[in-house]
2 protein chains.
Amino acid sequence: MSEDAEKIIERLAQDLRAGQFTPGSWLKQVDLQKRYGVGRAPVRKALEALAGRRLIRHEKNRGYSVHPADTEEADQVLDIRVAIETGFAEAICRNAVEADIVELGGLAAEFEKIAINGPFHLLYDANLAFHGALLGCARNPAMVALVADLRMRTSPAPASQWLDRSRIERSAQEHYDMVEAVRTSDAAGLARLIRDHILQRAD
Amino acid sequence: MSEDAEKIIERLAQDLRAGQFTPGSWLKQVDLQKRYGVGRAPVRKALEALAGRRLIRHEKNRGYSVHPADTEEADQVLDIRVAIETGFAEAICRNAVEADIVELGGLAAEFEKIAINGPFHLLYDANLAFHGALLGCARNPAMVALVADLRMRTSPAPASQWLDRSRIERSAQEHYDMVEAVRTSDAAGLARLIRDHILQRAD
DNA sequence: GTTACCAAAATTGGCACCAATAATGCAGCC
DNA sequence: GGCTGCATTATTGGTGCCAATTTTGGTAAC
């Protein structure tokens, strides 16, 4: 056994996140065995775990599949994210300390640098890093994990988020605005920024 | 095979919800095989699915366990629920139609009847029915499902919720208050009621 | 060309078994 | 009595295999 099931779960999740499986496509167990170099049991374990996290779908006797793109469910998930992330705006502002703000500033600058100069394939991870750190200020790890899962239910493909350069640059500016809202403990402002950011599908 | 894995998943979830497993206890595969009359594979499938839903914990090479009671994580989950459920108060008020309000009134009355006369073991399900219907007014099934899962991470045991009669009766009154808030489209009032209700661990 | 049927191929789901790992119990030492 | 070490027992995790189910492709009929 080259690798254990926990790692397969995360590798498959990462590949899903990176958009390496077409939305709506079936995840065949035998294909995944070959892809990850493991046997059937760990593949099944990974598939079931991810189905439990609702990152993929399971249909009895037919198998597991990637969520189709642009579903009504995706809209629902975005609304859930809005509720959660804006609901924690106050906790974020309350709990963030100077080191957090410095880190957020750095991550916002990193995103901006990539937005201006590329390479653009790094934008997705830089964006995740910023938003993960922002939410982390709320000191509710269960929420951070939940939002990470919810993200994977709406926009698996990095390319789906930023259609043009001005949108990317606006996102970069919004990141700075969020940092400023945290620095000045403007929870209402932060909530508004987060809400708009999510609904513009900028994050 | 007496029953398929999908059903085992739901039966195990139901038994967890009903508090039939001690918080913190290990869920041994061989015991579950006997309990549900199935083989190892469907048991594993069920365990993995529920671990994916974060309803139980998995530890590599040690197995699966029920969440311990009164953990820091439970507080985090309650905060997540507050954010979600208050965040959807406006959608609930906006989308509820007359039939919804009638239904909610009926469910509130049913809870109250049980609160006054018993049998008290029915309170839990009556409470779930009320809150499920209330959240259902938001027309976001993904959110309703998510909250149902989150609930199972905080108070698996019906007995843990209501320590005395006056608390039960107050809950019953709060249900009526929520219905009235929906009826009058008082989203802010509804949000406040929901928040207080959750943090008092009354639901 | 389209539809229906059926056999073959593909895939999922479950079982028995065993390797790998953790837990338990016992003996010895301080 | 408490601690350590080790053998035994218990349990999880993985494999190979086959039953059950679905999908695919070919053929016949219209």
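On the basis of being open to solvent by less than 40 Å² (accessible area, probe 1.4 Å) and on the phi > 0 side of the Ramachandran plot, does A:GLY19 make the cut?
Working: open to solvent by less than 40 Å² (accessible area, probe 1.4 Å): yes; on the phi > 0 side of the Ramachandran plot: yes.
Here the answer is yes, as A:GLY19 does meet what is asked.
Testing B:ARG153 on (1) surrounded by fewer than 21 Cβ atoms within 10 Å (Cβ to Cβ); (2) of a type in the set (D, E, K, R); (3) in contact (Cβ under 8 Å) with a residue 60 or more places away in the chain, one condition comes back false. Which one is that?
Every listed condition holds for B:ARG153 apart from (1).
Quick one: A:ARG94 ticks every box in (1) more than 8 Å from chain B (Cβ to nearest Cβ); (2) among the basic types (Lys, Arg); (3) within 16 Å of DNA strand D (Cβ to nearest atom) bar one, so which box is it?
(3)
Any idea which residue in segment B:71-112 is modelled with the highest pLDDT, counting only those that are surrounded by fewer than 16 Cβ atoms within 10 Å (Cβ to Cβ) and more than 22 Å from B:CYS137 (Cβ to Cβ)?
B:ASP75
Return the total of residues in segment A:22-63 being assigned to a helix (DSSP H, G or I) and under 21 Å from the mean Cα position of the chain (by Cα).
To start, the set of residues in segment A:22-63 that are assigned to a helix (DSSP H, G or I) comprises A:29-36, A:40-52.
Retained after the next criterion (residues that are under 21 Å from the mean Cα position of the chain (by Cα)): A:46-52.
Total satisfying the criteria: 7.
Looking at segment A:83-101, is at least one residue without any contact (Cβ under 8 Å) to a residue 40 or more places away in the chain, within 16 Å of DNA strand C (Cβ to nearest atom), charged (D, E, K, R) and on the phi < 0 side of the Ramachandran plot?
Taking every residue of segment A:83-101 in turn, none turns out to be without any contact (Cβ under 8 Å) to a residue 40 or more places away in the chain, within 16 Å of DNA strand C (Cβ to nearest atom), charged (D, E, K, R) and on the phi < 0 side of the Ramachandran plot.
Hey, could you check segment A:1-11 for residues that are within 13 Å of DNA strand C (Cβ to nearest atom) and in a helix (DSSP H, G or I) and say which is least open to solvent (accessible area, probe 1.4 Å)?
A:ALA5
Before we move on, is B:ALA41 facing chain A (nearest Cβ under 10 Å), near DNA strand D (Cβ under 8 Å from one of its atoms) and at pLDDT 90 or above?
On the way: facing chain A (nearest Cβ under 10 Å): yes; near DNA strand D (Cβ under 8 Å from one of its atoms): yes; at pLDDT 90 or above: yes.
For B:ALA41, the condition - facing chain A (nearest Cβ under 10 Å), near DNA strand D (Cβ under 8 Å from one of its atoms) and at pLDDT 90 or above - is met.
Being away from DNA strand D (no atom under 16 Å from the Cβ) and under 21 Å from B:ARG11 (Cβ atoms): is that true of B:LEU32 here? Can you show your working first?
Details: away from DNA strand D (no atom under 16 Å from the Cβ): no; under 21 Å from B:ARG11 (Cβ atoms): yes.
Considered against the rule, which asks whether it is away from DNA strand D (no atom under 16 Å from the Cβ) and under 21 Å from B:ARG11 (Cβ atoms), B:LEU32 comes out as no.
Exactly one condition in (1) open to solvent by less than 40 Å² (accessible area, probe 1.4 Å); (2) away from DNA strand D (no atom under 16 Å from the Cβ) is not met by B:LEU27; state its number.
If we test B:LEU27 against (1) open to solvent by less than 40 Å² (accessible area, probe 1.4 Å); (2) away from DNA strand D (no atom under 16 Å from the Cβ), just (2) comes out false.
Collect the residues in segment A:45-72 that are within 7 Å of DNA strand C (Cβ to nearest atom) and at the interface with another protein chain (Cβ under 8 Å from one of its Cβ atoms), keeping them in residue-number order.
A:LYS60
Kindly indicate whether A:ARG81 is outside the structural domain of A:ARG192 (by TED's automatic domain parsing), under 26 Å from A:ASP196 (Cα atoms) and out of contact with any Pro (no Cβ under 7 Å at 6 or more places or on another chain). Explain how you work it out, then say what you get.
On the way: outside the structural domain of A:ARG192 (by TED's automatic domain parsing): no; under 26 Å from A:ASP196 (Cα atoms): yes; out of contact with any Pro (no Cβ under 7 Å at 6 or more places or on another chain): yes.
Here the answer is no, as A:ARG81 does not meet what is asked.
The values are calculated or read from the model by the stated rules, or taken from the named source; none is laboratory data. The structure presented is a predicted model; accordingly, all values stated were derived computationally and were not measured. So basically every Cβ, Gly included, is an ideal-geometry build from the backbone, and we count neighbours across all protein chains shown. Accessible surface areas use protein heavy atoms only, side chains included; no ligands, DNA or RNA. Shrake-Rupley method; radii C 1.70, N 1.55, O 1.52, S 1.80 Å.
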